[in-house]
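Report on the following structure.
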There are 2 protein chains.
Amino acid sequence: MSILVVGSVAFDTLKTPFGVREKILGGSATYFSLSASFFTPVRVVAVVGDDFTAEHEAVLTSRGIDTRGIEHASGKTFHWGGEYGENVNEAKTNFTDLNVFENFAPKIPAAFDDTHMLFLGNIQPALQLDVRRKMPKVALVGADSMNLWINIARAELLETLKEVDILLINDGEAKLLANENSLVLAAKKILTLGPRSLVIKHGEYGATLFFKDGSHPFRAPALPIAEVQDPTGAGDTFAGGFMGYIASQPKLTRSVLKQAMFYGGVMGSFTVECFGPERLISLTREEIDERFKLFVSLTHLD
Amino acid sequence: MSILVVGSVAFDTLKTPFGVREKILGGSATYFSLSASFFTPVRVVAVVGDDFTAEHEAVLTSRGIDTRGIEHASGKTFHWGGEYGENVNEAKTNFTDLNVFENFAPKIPAAFDDTHMLFLGNIQPALQLDVRRKMPKVALVGADSMNLWINIARAELLETLKEVDILLINDGEAKLLANENSLVLAAKKILTLGPRSLVIKHGEYGATLFFKDGSHPFRAPALPIAEVQDPTGAGDTFAGGFMGYIASQPKLTRSVLKQAMFYGGVMGSFTVECFGPERLISLTREEIDERFKLFVSLTHLD
């Protein structure tokens, strides 16, 4: 089944203890779609500027990603500059040049009307809701958000969440959104806001899947990695593997969701091994299956 | 197989968002031995003062724990006062009255000479080494430590580690001991110092078992708990379940170590549900087995 992602396609200028990279391809929709493309057909809705070349677009199309929803606007592409210190869990933003992204008004090509699943990447919640309503026929809606929107656009976010099936956020975002210090209580509260399932990502400690029906949660590991070269995009890559795997399955069962948690972790573990989306570009399905087995041996008793 | 633990038997005065308790039974050896006693015969070596009553000792003996190694010294029992705020992962120490513990010189009763396994609770590393050398016949040695000893007694700790098979510490302690920010690199370094296996505890995110032979690690979850009443003793309880289960098995295999990680997490999850060792005192083996199954369903694919 096809999945449509709306989010940012951007340039990142990055510095980590392992090196620097100038204006490389990035953005939530980029990581999500590259990751999901290993499992299912992917369609992207985003906006880029004049500096986004055919070569950049080819990174996506060479993975079979449908880029007809990428609008080419006049101006420059969204450009984020950031760095990570010894603690790779904390990014320091050096600059955020929104450029053409500032006035992003997502347009869904008519050809995308038959899309089965939707992922609302981390953009203004009102835009997320707009896209969601433009696609009333999708069977499943996933979404991401961030502290910024929880703080400055809470009302819009709460409206959006009413029409989201699966929300994927991290520890800090869950606690902020629910105003709760306990992750379990935060999850409980968030699951009254709309989503039927909630994935809370714990960075290097993995992620937990909570269910609205009160059944016990499920924990997926992250791979213990000696040297995280660049954590940028790990969360979006997780979401891409998670949603992409679900889209590849005929039915959404609890068992499928559990497998999806593992695939999310697997995909995220590849991304952080190299800078930007480098590792996703060189990746093969065989490597994914191999690492999936490693995740199983990492967590399963004999 | 029997296991001997050396550590503190103490009183704790605790404050958490869920209540206060004055001078209740605590200490690393108390939590460890209560936890391990569900799996294997346990012997304790510790020191207490005049205020440690027959009633206190009965908490241990009623679980079949051999308390002949508890020395009754003249003076008061070690008494720790601390509190936890909304973030239960951080304890604030209000007072540390070492009392008779200040001059603790562990004495091993002759009757304990045939002990199979040894656990060196979190005491001065030179004392740990002393006990370890007094028990040359034990088949397996586990140990705990803390930031204090890593900072002020590093040389002694490094000597002790040479004679330890399994070290159990938390994230911060591992990073401090190895002077590494990456947990995987820290683990690698620590596994050159003596231990063949290393358990790094991640609090609410579970724990990871690393092997010296370079084989891939193993991750055990922690139970997502809505309300942690009192986190005191959770680490020692984990160690007790982990080591106790190993002692109950005829052979130390990789499979046994993995099961032991789960039992450690299971036991820790009970302790934090109530104040002090209350929950361990009321616990049954059936409840442990039930929760073990929950841990499996929390982590295993269908």
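The values are calculated or read from the model by the stated rules, or taken from the named source; none is laboratory data. None of the values given here were measured: they were computed from a predicted structure. Heads up, the Cβs are rebuilt from the backbone with ideal geometry, glycines too, and the neighbour counts pull from every protein chain shown.
Side notes on the structure shown:
- A count restricted to the range A:69-118 and to residues that are within 14 Å of another protein chain (Cβ to nearest Cβ) and within 19 Å of the chain's Cα centre (by Cα) stands at 3.
- Verdict on residue A:215 being of a type in the set (S, T, N, Q), part of a loop (DSSP other than H, G, I, E, B) and either surrounded by fewer than 24 Cβ atoms within 10 Å (Cβ to Cβ) or in contact with an Asp or Glu (Cβ under 6 Å, 6 or more places away or on another chain) (or both): yes
- Top-ranked residue of the range A:282-302 - restricted to ones that are surrounded by 14 or more Cβ atoms within 10 Å (Cβ to Cβ) and closer than 30 Å to residue A:22 by Cβ, ranked as farthest from the other protein chains (Cβ to nearest Cβ): A:283
- Among the residues of the range A:243-259, those identified as within 11 Å of chain B (Cβ to nearest Cβ) and among the basic types (Lys, Arg) are A:254, A:258.
- Scoring residue A:272 on the criteria (1) farther than 20 Å from residue A:226 by Cβ; (2) buried (at least 18 other Cβ atoms within 10 Å of the Cβ) leaves a single failure, condition (1).
- Among (1) assigned to a strand (DSSP E or B); (2) more than 19 Å from residue B:273 (Cα to Cα), the one test that residue B:21 misses: (2)
- Subset of the range A:153-178 [in contact with a Lys or Arg (Cβ under 8 Å, 6 or more places away or on another chain) and either without any contact (Cβ under 8 Å) to a residue 24 or more places away in the chain or of a type in the set (Gly, Ala, Ser) (or both)]: A:178
- Selection within the range B:44-59: residues that are over 16 Å from residue B:78 (Cα atoms) and without any contact (Cβ under 8 Å) to a residue 40 or more places away in the chain. The member of this set that is nearest to the chain's Cα centre (by Cα) is B:58.
- Matching entry among B:32, B:11 (being under 21 Å from residue B:169 (Cα atoms) and in contact (Cβ under 8 Å) with a residue 24 or more places away in the chain): B:32
- Number of positions in the range B:181-205 that are under 24 Å from residue B:141 (Cβ atoms) and either more than 9 Å from chain A (Cβ to nearest Cβ) or within 18 Å of the chain's Cα centre (by Cα) (or both): 15
- Among the residues making up the range A:289-302, those that are touching a residue at least 60 places away in the same chain (Cβ under 8 Å) and touching a helix residue (DSSP H, G or I) at 6+ places or on another chain (Cβ under 6 Å) are A:291, A:295, A:299.
- Selection within the range A:162-180 - farther than 19 Å from residue A:32 by Cβ, buried (at least 18 other Cβ atoms within 10 Å of the Cβ) and away from chain B (no Cβ under 14 Å): A:177
- Per-region count, the range A:56-91, residues under 19 Å from residue A:170 (Cβ atoms), in contact with a Pro (Cβ under 8 Å, 6 or more places away or on another chain) and buried (at least 17 other Cβ atoms within 10 Å of the Cβ): 2
- Among all positions in the range B:260-275, there is at least one residue which is in contact (Cβ under 8 Å) with a residue 12 or more places away in the chain, touching a strand residue (DSSP E or B) at 6+ places or on another chain (Cβ under 8 Å) and more than 14 Å from chain A (Cβ to nearest Cβ).
- Residues in the range A:206-233 that are more than 7 Å from chain B (Cβ to nearest Cβ) and of a type in the set (Asp, Glu): A:213, A:230.
- Yes/no for residue B:214 being among the small types (Gly, Ala, Ser) and within 25 Å of residue B:26 (Cα to Cα): no
- Residues of the range A:146-186 satisfying the condition of being within 30 Å of residue B:272 (Cβ to Cβ) and among the polar types (S, T, N, Q): A:147, A:170, A:179, A:181, A:182
- Qualifying helices (runs of 4 or more DSSP H) (wholly inside the range B:224-302; at least 2 residues being over 14 Å from the mean Cα position of the chain (by Cα) and charged (D, E, K, R)): B:254-271, B:278-282, B:285-299
- Screening residue B:133 against (1) modelled with pLDDT of 95 or more; (2) in contact with an Asp or Glu (Cβ under 9 Å, 6 or more places away or on another chain); (3) crowded, with 16+ Cβ neighbours inside 10 Å leaves a single unmet condition, (3).
- The range A:92-116 residues that are surrounded by 13 or more Cβ atoms within 10 Å (Cβ to Cβ), paired with ones that are in a helix (DSSP H, G or I) and of a type in the set (A, V, I, L, M) (beta carbon under 8 Å, 6 or more apart): A:104/A:127; A:106/A:127; A:106/A:131; A:108/A:131; A:116/A:247
- Residue A:249, sole failed condition from (1) among the polar types (S, T, N, Q); (2) surrounded by fewer than 16 Cβ atoms within 10 Å (Cβ to Cβ); (3) within 19 Å of residue B:300 (Cβ to Cβ): (2)
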